[in-house]
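One structure is given here, and the rest of the page talks about it.
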Amino acid sequence: MPFNPQTPGDVEQMLATIGASKVDDLFDEIPKDLRIESLAGIPDALNEMDIGKLMSARAAQDGTPLNFIGAGAYEHHIPSAVWALTTRGEFYSAYTPYQAEASQGTLQLIYEYQTMITSLTGMDVSNASLYDGGSAVGESALMAIRAHRRSKSQRILVPTTVNPFYRKAAVSTVGNQGVKLEEVPCPKGSLSIADLEKYADEDVTALVIQQPNFFGVLEDVDALTDWAHAHNMLVIASVNPTSLGILKPPGEWGTKGADIACGDCQPLGVPLSSGGPYAGFLTTKMENVRQMPGRIVGRTVDMDGKQGFALTLQAREQHIRRGKATSNICTNQGLLVTAATIYLSLMGPEGLARVANACHARTNELLAALARVKGVKVAFDRPRFHEAVVQLDRPVAPVIADLARKGIVGGFDLSNDYPELGNALLVCATETRTREDIQKYADALAETLKAAVRAA
Amino acid sequence: MAMQKHPEKIIFEYSRPGRGAFGQWPTERHSPNEPASGIPANLLRKRKPLLPEVSELEVVRHFTKLSQLNFSIDTHFYPLGSCTMKYNPKACNQYAMLPGFLGRHPLAPESLGQGFLACMYELQEMLKEVTGMQGVALSPMAGAHGEFAGVAMIRAYHRARGDLARNEIIVPDAAHGTNPATAVMCGCVVREIPTKDDGDIDVEALRQVVGPNTAGIMLTNPSTCGVFERRIKEVAKIVHDAGGLLYYDGANLNAILGKVRPGDMGFDVIHMNLHKTFSTPHGGGGPGAGAVGVSQRLLPFMPIPVVGKEAGVGKDGDRYRWLTEKDLPQSIGRLSAFMGNAGVLIRAYIYMRMLGREGMHRVGEYATLNANYLMARLARAGFDPAYPGRRASHEFIITAKKQKDVLGVSAMDFAKRLLDYGFHAPTTYFPLLVPECLLIEPTETESKEALDGFVDAMIAILREAETQPDYVKTAPHTMTVRRLDDVRAARQLDLTWKPATSQGLRPTPENAVPS
């Protein structure tokens, strides 16, 4: 047992204090026929040297391919300071800050996070984070229903330009409560008022708008927000935080701004790591603060009038309200919020804008390079941020498999989620991709497509 | 490690226009001069966001100082009942952060993820073995998220059988708040049953509430009272005979690891808090990981993705792949955008491999030994166990009702004063049914000396309570802040920093609460 400090002498003394003759006696309240004697299916213990070798081999097996996928998870430069600080034991191995006096570091950090993320989104208040950007859409839908008391329908419109993984996670989150997430088809690659007109006279609680949308295209957020408000719907914005370095924040969309803004902190210093852990963010206007799920930190004073931080408005939460809570959520992705807050501090307003601009420029270069490859066409000629759809002259899956053999992750195959787009591939280039990387991808793709022609 | 004793400025108070961590920014080479060409002006940001403009050293120093305002497992004994604050081995973090794992995109081809997927598959298999369940899905991202998956599966199971009336979830009054909150989130009605004076649930009351509307029962065993539910087989029979299913809240799995398995007790579905039993970090409030295990009849309903193995395919041997909607058409669906808290799962995998077969048993044994020793010593020192006739599981409850009645010093006062002695407070006022409750869980990784030190502190505080109760009632005295004004925090909401408030705490009109 690698981490136990008890010596045989300790055990003897402790048992004597308890008044038991052997450790096994401490389990005498468990019915005998339920007890197990062995866990045959668990392998022998490995010491740190051996597990280190095993894990190094497995990580090396997966390699470090050249990545051109985004689709909700983005490869960005992560400053060394971010994880050097985040993995300090005092952050890494601390509990939820319920004992405020012993948790001022975590609490102040969350307060600083709340300040940064509300400013980025242009909203008034933020919680301390949710699980991820997908479940955040689900929680936002439930929150919109609580906040919009005049709407009785529990219907939320979700255009197909919203990340399909987010849509699926949201459906799983809200489905059992009778909430209806209705898909709005967007054949042109962005949401238009024409796609929404048929809902104009119906009771709909909210509209979800993703900016940039799943195809990387920029939605006409001002017009869409004003249309939704004019038709008595709340607006839920699902946004990429990097893009907010240069794009208009949801709080300023249209005349009144979005009502709720959510998304994923992953682009802010959180590694791709096969999908998690990430952190969902959720911000809103002050009038909705009591409808928020999850923890919120507030600044207050102590008995001596000195500044301090504490969890607040806890009467919304499960540990106080039990079955009447705004959500069952009991966690915030604290460590990832720590990383995101440190990242935003290092970037500042200008650094973040530069990252956003560099992503935008790199993606334009990528599209120019790919468009020169025979058999490749760029879809949706609209303003975009750092992703785009390209269409191939043949099925995508074998092309991706061939690129993978060349050490290139060539994009996300859209044909399962969007069969109407044909042989479509979603590609992304962030600030981490160089001109050489982009040329390497274009050359590899050309070679793959050429080889397939020869084989045919 | 010394605690930082001085308050730390808000990071924005260090900010100066023109300052920055320039070495981290893309340069002109990466970023063209004309920003955002091709983006219409009405879609662009007009005002800069409020982010600090600070140097890299200022960032490092600020967040290092903030970290020093925290208690943590690495620095303090943390006997927080129900939370299993045990040592988080450094190897788990080190090897989860290898570039091959960190850099892998969740949607990268499976051919570029066989190393990662092998770890996930083996983790599923090991969790099946230690819990006695037939299938494991890893994607729920926390305990409450696992509860959600579990109750959603119970509902899906009844629905698939056309048994549509079953919408009641039975929950003991001592349960975690997440249990009833989860039931409601899954569209169920909560039926609460009482706990008896000996800490077991009231089986007769259970018989009265089960019926044709029963979807299931949610139980923690050992319970939040820190005792093993002795009539568990009878409970399982009553619920199953009524047509309901049993949900196991794995918050206390550490107590019985390698001793008894939820699957053998008759549970149909279970969540495991990998951040408790399998030692992944709590991270100041997350990320957790709430893997779920299921019995045979719930296998078709598991949340996706699950990792499957095709043995001996191709020249490389086994091949791992994601199972999705196509493989599990009755699945309750996807609970996260991608694969839950994958990096946390890798840490749990490393921990389990380091424990190995023998180590698993030792976890339950030493956690239980430490808890019973600490309970025996505190009882001798004059503190009252809430369930004196019972064995402690991995945790136990002390009730400070006597001290409150006689000395006017509450469980909260003991908790706060413990901070001055360098111990994190136990869980207080949970479960709700025990008055002046201190729920104490030492975990297996603490030494006898650490436990003795805690007892010494409790004895010293008891003496203080007798001689200078007001000093205890106003503790802590040595932290950077004293007790905080929670009422003010809720009434005068100050949730974001504004330049106008940097010199003090003047509330401004825009952060006043609407009534």
| Subset tally (residues that are in a strand (DSSP E or B) and farther than 18 Å from residue B:40 by Cβ) for the range A:226-252 | 4
| said: Just the residues that are within 7 Å of chain B (Cβ to nearest Cβ) and either over 12 Å from the mean Cα position of the chain (by Cα) or of a type in the set (Val, Ile, Thr) (or both), please, taken from the range A:275-288. | reply: A:286, A:287
| said: Considering only the range A:53-65, I want to know if a residue exists there that is crowded, with 19+ Cβ neighbours inside 10 Å, in contact (Cβ under 8 Å) with a residue 24 or more places away in the chain and touching a Gly at 6+ places or on another chain (Cβ under 9 Å). | reply: yes
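Inspect the range B:297-305 for any residue being assigned to a loop (DSSP other than H, G, I, E, B) and either of a type in the set (Gly, Ala, Ser) or open to solvent by 20 Å² or more (accessible area, probe 1.4 Å) (or both) and give the result as yes or no.
Narrowing the range B:297-305 to residues assigned to a loop (DSSP other than H, G, I, E, B): B:302-303, B:305.
Those still in the list that are either of a type in the set (Gly, Ala, Ser) or open to solvent by 20 Å² or more (accessible area, probe 1.4 Å) (or both) too: none.
There is no residue in the range B:297-305 that is assigned to a loop (DSSP other than H, G, I, E, B) and either of a type in the set (Gly, Ala, Ser) or open to solvent by 20 Å² or more (accessible area, probe 1.4 Å) (or both).
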| Can you name every residue in the range A:255-310 that is touching a helix residue (DSSP H, G or I) at 6+ places or on another chain (Cβ under 7 Å) and under 21 Å from residue B:488 (Cβ atoms)? | A:290, A:292, A:297, A:298, A:299, A:300, A:301, A:308, A:309, A:310
| task | May I ask you to verify whether residue A:204 is open to solvent by less than 10 Å² (accessible area, probe 1.4 Å), assigned to a loop (DSSP other than H, G, I, E, B), within 27 Å of residue A:326 (Cβ to Cβ) and assigned by TED's automatic domain parsing to the domain that holds residue A:130? | result | yes
| said: For the range A:340-363, which positions are more than 7 Å from chain B (Cβ to nearest Cβ) and over 30 Å from residue B:14 (Cβ atoms)? | reply: A:362, A:363
| request: From the list A:255, A:300, pick out the single residue that is part of a loop (DSSP other than H, G, I, E, B), more than 20 Å from the chain's Cα centre (by Cα) and among the polar types (S, T, N, Q). | output: A:255
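Please find, among B:195, B:224, B:182, B:220, the residue that is in contact with a helix residue (DSSP H, G or I) (Cβ under 7 Å, 6 or more places away or on another chain), assigned by TED's automatic domain parsing to the domain that holds residue B:165 and among the hydroxyl-bearing types (Ser, Thr, Tyr).
Step by step, each of B:195, B:224, B:182, B:220 is checked, and only B:182 is in contact with a helix residue (DSSP H, G or I) (Cβ under 7 Å, 6 or more places away or on another chain), assigned by TED's automatic domain parsing to the domain that holds residue B:165 and among the hydroxyl-bearing types (Ser, Thr, Tyr).
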| Looking only at residues in the range A:40-52 that are more than 7 Å from every other protein chain (Cβ to nearest Cβ) and modelled with pLDDT of 95 or more, which one is least open to solvent (accessible area, probe 1.4 Å)? | A:50
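Conditions (1) aromatic (Phe, Trp, Tyr); (2) touching a residue at least 60 places away in the same chain (Cβ under 8 Å); (3) assigned to a loop (DSSP other than H, G, I, E, B), marked per residue:
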| residue | (1), (2), (3) |
| --- | --- |
| B:254 | no, yes, no |
| B:270 | no, yes, no |
| B:274 | no, yes, yes |
| B:283 | no, no, yes |
| query | Restricting attention to the range A:307-332, which residues are within 7 Å of chain B (Cβ to nearest Cβ) and at pLDDT 95 or above? | reply | A:307, A:308, A:310, A:312
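Residues checked against (1) within 14 Å of another protein chain (Cβ to nearest Cβ); (2) open to solvent by less than 10 Å² (accessible area, probe 1.4 Å); (3) without any contact (Cβ under 8 Å) to a residue 60 or more places away in the chain:
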| position | (1), (2), (3) |
| --- | --- |
| A:167 | yes, no, yes |
| A:180 | yes, no, yes |
| A:185 | no, no, yes |
| A:189 | no, yes, no |
| A:192 | no, no, yes |
| A:210 | yes, no, yes |
| A:217 | yes, yes, no |
| A:229 | no, no, yes |
| A:234 | no, no, no |
| Where residues in the range B:365-387 are more than 13 Å from every other protein chain (Cβ to nearest Cβ) and within 19 Å of residue B:427 (Cα to Cα), which of them is surrounded by the fewest Cβ atoms within 10 Å (Cβ to Cβ)? | B:384
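Every residue, every condition in (1) under 30 Å from residue A:67 (Cα atoms); (2) more than 9 Å from chain A (Cβ to nearest Cβ); (3) crowded, with 21+ Cβ neighbours inside 10 Å, yes or no:
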{"residue": "B:57", "(1), (2), (3)": "no, yes, no"}
{"residue": "B:70", "(1), (2), (3)": "no, no, yes"}
{"residue": "B:74", "(1), (2), (3)": "no, no, no"}
{"residue": "B:78", "(1), (2), (3)": "no, no, yes"}
{"residue": "B:103", "(1), (2), (3)": "yes, no, no"}
{"residue": "B:111", "(1), (2), (3)": "yes, no, no"}
{"residue": "B:114", "(1), (2), (3)": "yes, no, no"}
{"residue": "B:167", "(1), (2), (3)": "no, yes, no"}
| field | From A:314, A:318, residue being free of Cβ contacts under 8 Å to residues at least 40 places away in the same chain, open to solvent by less than 10 Å² (accessible area, probe 1.4 Å) and under 30 Å from residue B:190 (Cβ atoms) | value | A:318
| Candidate set from the range B:228-263 (those that are among the β-branched types (Val, Ile, Thr) and farther than 19 Å from residue B:362 by Cα); member that is nearest to the other protein chains (Cβ to nearest Cβ) | B:232
| Here are some residues: A:194, A:279. Which one is at pLDDT 95 or above and touching a strand residue (DSSP E or B) at 6+ places or on another chain (Cβ under 8 Å)? | A:279
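Results for (1) within 14 Å of chain A (Cβ to nearest Cβ); (2) within 18 Å of residue B:376 (Cβ to Cβ); (3) surrounded by fewer than 24 Cβ atoms within 10 Å (Cβ to Cβ), shown as yes or no for each residue.
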{"residue": "B:395", "(1), (2), (3)": "yes, yes, no"}
{"residue": "B:403", "(1), (2), (3)": "no, no, no"}
{"residue": "B:408", "(1), (2), (3)": "no, no, yes"}
{"residue": "B:416", "(1), (2), (3)": "yes, no, no"}
{"residue": "B:420", "(1), (2), (3)": "yes, no, yes"}
{"residue": "B:439", "(1), (2), (3)": "yes, yes, no"}
{"residue": "B:455", "(1), (2), (3)": "yes, yes, yes"}
{"residue": "B:467", "(1), (2), (3)": "no, no, yes"}
{"residue": "B:471", "(1), (2), (3)": "yes, no, yes"}
| Flag if residue A:123 is of a type in the set (A, V, I, L, M), assigned by TED's automatic domain parsing to the domain that holds residue A:311 and in a helix (DSSP H, G or I) | no
| request: Show the residue pairs that are 6+ apart or on different chains and have beta-carbon atoms under 7 Å apart, the first residue being within the range B:372-383 and within 14 Å of residue B:443 (Cβ to Cβ), the second being open to solvent by 10 Å² or more (accessible area, probe 1.4 Å) and part of a helix (DSSP H, G or I). | output: B:372/A:18; B:373/A:17; B:373/A:18
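The values are calculated or read from the model by the stated rules, or taken from the named source; none is laboratory data. None of the values given here were measured: they were computed from a predicted structure. Because the Cβ atoms are built from the backbone with ideal geometry, glycine has one as well, and the counts that use them run over all protein chains shown. Side chains are part of the model used for accessible areas, which takes the heavy atoms of the whole protein and leaves out ligands, DNA and RNA. Shrake-Rupley method; radii C 1.70, N 1.55, O 1.52, S 1.80 Å.
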